[in-house]
1. Taking the Cα centre of the range 13-58 as origin, sum charge times position over the Cβ atoms of Lys and Arg (+1) and Asp and Glu (-1), and report the length of that vector in debye to the nearest 20.
2. Using 7 Å Cα-to-Cβ label points, what is the LYS32/ARG76 separation (nm, one decimal)?
3. Can you pull out the GluC sites (Glu not before Pro) in the range 18-79 whose DSSP state is coil and whose Cβ has at most 16 other Cβ atoms within 10 Å?
4. Name the most mobile residue of GLY37, GLY21, GLY50, meaning the one with the largest mean-square fluctuation, in a Gaussian network model of the chain with Cα contacts below 10 Å.
5. What FRET efficiency do you get for SER39 and GLN86 if R0 is 25 Å and r is their Cβ-Cβ distance, rounded to the nearest 0.05?
6. Per DSSP H run of at least 4 residues, take -39500 (n - 2.57); add these up for the chain, divide by its residues and hand me the 222 nm value, nearest 500 deg cm²/dmol.
7. Arrange TYR51, TYR66 by Cβ neighbour counts within 10 Å, fewest through most, would you?
8. Find which of SER48, ILE10, VAL27 sits farthest along the positive direction of the dipole of the chain, computed with +1 on the beta-carbon of Lys and Arg, -1 on that of Asp and Glu, about the Cα centre.
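Please treat every number below as a calculation from the coordinates, not as lab data. Quick caveat: nothing in here was measured; it's all calculated off a predicted structure. Note: ideal-geometry Cβ built from the backbone for every residue, glycine included; neighbour counts use all protein chains shown.
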Amino acid sequence: MAIESIEDGIFTEKTDIWSFGITVWEVFNGGKTPYGGFSPTCVKTMISDGYRLEAPSNSACNDDIYQKTMLKCWERDPNERPTFAQVVTDIDTLLSNSVGYLNLTK
């Protein structure tokens, strides 16, 4: 959940972008639970303190996917997060630059 949702109960397209970044992380981690093993209170503190999920170890998730999609979606300032149109453009560019099949198996 986005910082502003946790701290202030605000829900906007920008909080949806945050959630989309989490969903992308889950896909590249084979459905793992984000922040697994941490209590909701601990996760709130971690996110507020600037912690972000680490890049998936799956070889299909290259640094561009992590840096240009996930981390952008998790910017602290909602105004710094991309729009969905920007995310689609970024993903389209990443896919057009990739070669072949992405193996998402563990």
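1. Working: 4 positive and 5 negative charges, 18 e Å.
Taking the Cα centre of the range 13-58 as origin, the dipole is about 80 debye.
2. Simple spin-label model gives 2.5 nm for this pair.
3. On the way: sites: GLU26, GLU54, GLU75; in loops: GLU54, GLU75.
Those that pass, being in a loop and sparsely packed, are GLU54.
4. GLY37
5. Working: r = 33 Å, r/R0 = 1.33.
Once rounded, the FRET efficiency stands at 0.15.
6. Details: 4 runs with 45 residues, N = 106.
Using -39500 (n - 2.57) per qualifying helix, the result is -13000 deg cm²/dmol.
7. Working: TYR51 14, TYR66 20.
Least to most surrounded, the residues fall as TYR51, TYR66.
8. VAL27
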